[in-house]
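Reviewing the structure listed below.
The values are calculated or read from the model by the stated rules, or taken from the named source; none is laboratory data. Bear in mind that the values here come from a model prediction, so they are computed numbers and not experimental data. Because the Cβ atoms are built from the backbone with ideal geometry, glycine has one as well, and the counts that use them run over all protein chains shown.
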């Protein structure tokens, strides 16, 4: 039995079509069934993407790569780049170091005027006047603490007392934990040895530190090395940190080692102080400014054999006493 479909519409035959055309209101120019409805074109949207077989030119690669990146990925890349730049700035920025503090107490320090740039001509004049004369009295008139220095002349090396050098070279203005500033000269002699001359601006005017020029120590090095000195003695040396630990100073966790040079001896010695002590910290600060340091050491009978001694005090950085 045939199922009835309420939505089924039988196809019109030709007789039915001719009947409709003969009724009033029928257009004058009837069309065929195939022409009754306008034909609908099928439009296909053109794609902007190149065909799969197309090859992207090399100059278009950056644009093609960027087009693949999502907006989120691009933000992450920019943040990473900014973080890298900030890290480089922090690492490479020359952060200011705190100024070294003086190892002297306020009562030990005397107020000293600074040497102005305009005084450099006078500074050199004083230095030249000092080295160009062999007269002791003329040199005493140009040095600081003249009477104290006079009493020490017999312990000075003959070269430092009256020998006239062959050249004088101004190095620079310098700073220590004792002096706000002073002027340094290198003085060379015919035997190719060198001394350091210091010109200081004192309350009495520009003066040479003759004791520093002579590298004066409170005892002769021959007596120090032979163990004849039983009390702490002041010495002027050139020091650098060392890794030499031996004999009584073999424990590097207990001691800090320094290799020192003494021009009068022509050999190296090794001085020690307790690690992390106040003296150790003061020496480290002093050596950050200059290798010239003034110490008090306690020699014993073993110093001549082992070339070792104990540091009891850092007197000052450089060779200029307060």
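Details
- Looking only at segment 178-195, and only at residues there that are in contact with a helix residue (DSSP H, G or I) (Cβ under 7 Å, 6 or more places away or on another chain) and in a strand (DSSP E or B), the one that is modelled with the lowest pLDDT: 183
- Of the helices (runs of 4 or more DSSP H) lying entirely inside segment 206-322, the ones with 1 or more residues being closer than 24 Å to residue 193 by Cα are found at 210-213, 221-225, 278-287.
- Members of segment 263-322 found to be buried (at least 22 other Cβ atoms within 10 Å of the Cβ) and free of Cβ contacts under 8 Å to residues at least 12 places away in the same chain, listed by number: none
- Within segment 225-248, restricting attention to residues that are closer than 13 Å to residue 307 by Cβ and modelled with pLDDT under 95, the residue that is surrounded by the most Cβ atoms within 10 Å (Cβ to Cβ) is 225.
- Selection status of residue 163, touching a residue at least 12 places away in the same chain (Cβ under 8 Å), out of contact with any strand residue (DSSP E or B) (no Cβ under 6 Å at 6 or more places or on another chain) and either outside the structural domain of residue 236 (by TED's automatic domain parsing) or more than 18 Å from residue 124 (Cβ to Cβ) (or both): yes
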